[in-house]
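J.: Before I ask anything, let me first share the structure, which is written out below as structure tokens.
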Amino acid sequence: MGKESLKKRKGEHKGGEDGQSIQSHVPQTMNLQKQANLFLFPLCGICMIVGTIIGSGIFVSPKSVLANVEAVGPCLTIWAACGVLATLGALCFAELGTMITKSGGEYPYLMEAFGPIPAFLFSWTSLLVTKPSSFAIISLSFAEYASAPFYPGCDPPQVVIKCLAAAAIVVITIVNSLSVKLGSYLQNFLTAAKMIIVTIIIVSGIVLLAQGKTENFKDSFKDSKISASSISLAFYNGLWAYDGWNQLNYITEELKNPYRNLPLSIIIGIPLVTVCYVLINISYFTVMTSTELLQSQAVAVTFGNRVLYPATWVVPLFVVFSTLGSANGTCFTAGRLVYVAGREGHMLKVLSYISVKRLTPAPAIIFYGAITIIYIIPGDINSLINYFSFAVWIFYGLTILALIVMRFTRKELKRPIRVPIIIPVIVTGVSVVLVLAPIISAPELAYLYCTLFILSGLIFYALFVHFKFSWAQKISEPVTMHLQMLLEVVPEEEITE
């Protein structure tokens, strides 16, 4: 009965009473639509990069970076160096993205270079560890800033923070499930809003410097703590603020003229973020000494209290916008990863289905949002950052290594962008250091648990992908059918036939 009903619904969409085809009612194909452009309406590639990177990190990480190097000079150097590393990594991803123009970020690159097992482990880890934990971290940061004005002088209750974070996740998931355009409109608005607070902080810092507030920059390298472990940990925290530099590769299929717009968005977007981050940190140090910054509970709020009084409310309000923008960009791109994994048969098939009316991968986005809500229940920001960073740099390094490998194994592939081989070699080496540094300098059981969880994906790969046991298919079929009817989604090949 369910199948007959679905066929009837499909017949109505395809023909209707007047015999017109579906092309008269919806766009010509059921594929994800190429709506993302470089500067032009409706979705801006630069806005996606800037909007996703600038989120909670620049308001959380400055204290952690400074705590590891203990001086202003090395701190600012680390922030600039993190920007350089992110740019180099993104350029490597630009070659990969224009060589293999499939959405899903690292997934199709690992598939082409190393085969299905590493690609499956990446999708497994991304779906259940890195992407949900990143979304959860940003949402919890939003909730902390949003609730802080209502609890002056004390920390907001955890139940309030987690309820607000869950509400933000639900709203963002619904928006991105309903419409690509709606999600991109929201992204562009929130990016504009966050650039306002970034501009306010930067301009305020420049004005203070012009007034002679430079005493905190004297002997800026004095008493610094420079060692391999301290620098590595400082990079760890700084790179968390830059995470998102690879986000356009998740929507390559939806980017107009990716050969031009992907590298241009990277070359413009990430250096812009780097300049903003360095200038924001300089602004912080114009009004706070290193000790005062380390003692601050919220660096941006402390800055606002000292510089923007009586308009101090501006800072938490626009930080809320900033975190929402980052969360929205993360949801938009991560949903495409789940979609591609489902399309390749590495996740439930229903996750690769597309909404008939909305032309969005709604099941993938909804599933991603649900996993994220589970993460915020027991988790806190610090533990989630450690968990996330360790896992994500394993696959960043493996993906850049894939670029090196394919230079020798897939020479026939067209490469509209070709970076010097030394760049992926450097990025791969740095990623190895970033993965090993926290284990050596501050070993924790969380890293062991994360490694075991990644490797546990091999069990699921063997059961559900390699051997494809019939009992697993029988269990998933009724689930797929019910979700198909409930969400009004179908496989793209059934529509394009």
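J.: Is there a residue being in a helix (DSSP H, G or I) and in contact with a Cys (Cβ under 7 Å, 6 or more places away or on another chain) anywhere in region 242-251?
T.: Looking through region 242-251, at least one residue is in a helix (DSSP H, G or I) and in contact with a Cys (Cβ under 7 Å, 6 or more places away or on another chain).
J.: Restricting region 142-153 to residues that are in a helix (DSSP H, G or I) and at pLDDT below 85, which is farthest from the chain's Cα centre (by Cα)?
T.: Looking at the filtered set, the residue picked out is PHE150.
J.: Restricting to helices (runs of 4 or more DSSP H) lying wholly in region 408-497: which have 1 or more residues that are acidic (Asp, Glu), modelled with pLDDT of 65 or more and under 27 Å from ILE117 (Cα atoms)?
T.: The helices (runs of 4 or more DSSP H) meeting that bar number zero.
J.: Also: Out of (1) open to solvent by less than 10 Å² (accessible area, probe 1.4 Å); (2) modelled with pLDDT of 65 or more, what's the single condition that is false for VAL60?
T.: Just one mismatch for VAL60, condition (1).
J.: Return the only residue of ILE138, ILE46, ILE78, ILE117 being modelled with pLDDT under 85 and assigned to a helix (DSSP H, G or I).
T.: Going through ILE138, ILE46, ILE78, ILE117 in turn, just one is modelled with pLDDT under 85 and assigned to a helix (DSSP H, G or I): ILE46.
Listed here are the residues, each with its yes/no results for (1) in contact with a strand residue (DSSP E or B) (Cβ under 6 Å, 6 or more places away or on another chain); (2) open to solvent by less than 40 Å² (accessible area, probe 1.4 Å); (3) without any contact (Cβ under 8 Å) to a residue 60 or more places away in the chain.
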residue: GLY369; (1), (2), (3): no, yes, no
residue: ILE377; (1), (2), (3): no, no, no
residue: ASN386; (1), (2), (3): no, no, no
residue: PHE395; (1), (2), (3): no, yes, no
residue: LEU448; (1), (2), (3): no, no, yes
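J.: Go over the candidates TYR284, TYR277, TYR259 one by one and state the one that is assigned to a helix (DSSP H, G or I), closer than 29 Å to TRP393 by Cα, modelled with pLDDT under 85 and touching a helix residue (DSSP H, G or I) at 6+ places or on another chain (Cβ under 8 Å).
T.: Only one candidate passes the filter, namely TYR259.
J.: Right, next: List every residue pair whose Cβ atoms lie under 9 Å apart, where the two residues are 6 or more positions apart in sequence or sit on different chains, the first residue falls within region 70-84 and is free of Cβ contacts under 8 Å to residues at least 12 places away in the same chain, and the second residue, located anywhere, is open to solvent by less than 10 Å² (accessible area, probe 1.4 Å).
T.: What qualifies is THR77/VAL69.
J.: Just the residues that are within 18 Å of SER326 (Cα to Cα) and surrounded by fewer than 16 Cβ atoms within 10 Å (Cβ to Cβ), please, taken from region 159-169.
T.: Filtering region 159-169 down to residues within 18 Å of SER326 (Cα to Cα) leaves 161-162, 164-169.
Passing the criteria: only ALA167.
J.: Sort out which residues of region 399-440 are open to solvent by 50 Å² or more (accessible area, probe 1.4 Å) and of a type in the set (A, V, I, L, M, F, W, C), and write them in order of number.
T.: LEU401, PHE408, ILE421, ILE422, VAL425, ILE426, VAL432, VAL433, LEU436, ILE439, ILE440
J.: Determine, yes or no, whether PRO156 is outside any helix (DSSP H, G or I) and under 22 Å from PHE321 (Cβ atoms).
T.: Considered against the rule, which asks whether it is outside any helix (DSSP H, G or I) and under 22 Å from PHE321 (Cβ atoms), PRO156 comes out as yes.
Quick grid of which residues meet (1) open to solvent by less than 60 Å² (accessible area, probe 1.4 Å); (2) among the small types (Gly, Ala, Ser); (3) on the phi > 0 side of the Ramachandran plot:
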{"site": "PRO132", "(1), (2), (3)": "yes, no, no"}
{"site": "ALA136", "(1), (2), (3)": "yes, yes, no"}
{"site": "SER139", "(1), (2), (3)": "yes, yes, no"}
{"site": "SER147", "(1), (2), (3)": "yes, yes, no"}
{"site": "TYR151", "(1), (2), (3)": "no, no, no"}
{"site": "ASP155", "(1), (2), (3)": "no, no, no"}
{"site": "LEU178", "(1), (2), (3)": "no, no, no"}
{"site": "GLY205", "(1), (2), (3)": "yes, yes, no"}
{"site": "GLY212", "(1), (2), (3)": "yes, yes, yes"}
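J.: Scanning region 97-107 for residues that are assigned to a helix (DSSP H, G or I) and more than 20 Å from PRO363 (Cβ to Cβ), which turns out modelled with the highest pLDDT?
T.: First, the residues of region 97-107 that are assigned to a helix (DSSP H, G or I): 97-99, 106-107.
Applying the additional criterion that residues be more than 20 Å from PRO363 (Cβ to Cβ) yields 97-99, 106.
Values: GLY97: 81, THR98: 81, MET99: 86, GLU106: 82.
Top of the filtered list is MET99.
J.: Moving to a separate point now. Identify, from the list ILE381, ILE394, ILE354, ILE385, the residue that is of a type outside the set (Gly, Ala, Ser) and at pLDDT 80 or above.
T.: ILE394
The values are calculated or read from the model by the stated rules, or taken from the named source; none is laboratory data. The model shown is predicted, which means the values in this text are computed figures rather than measured ones. Neighbour counts are summed over all protein chains in view; Cβ atoms, including those assigned to glycine, are modelled from backbone coordinates with ideal geometry. Ligands, DNA and RNA are stripped out before the accessible areas are found, and what is left, the full protein with its side chains, is counted by its heavy atoms. Shrake-Rupley method; radii C 1.70, N 1.55, O 1.52, S 1.80 Å.
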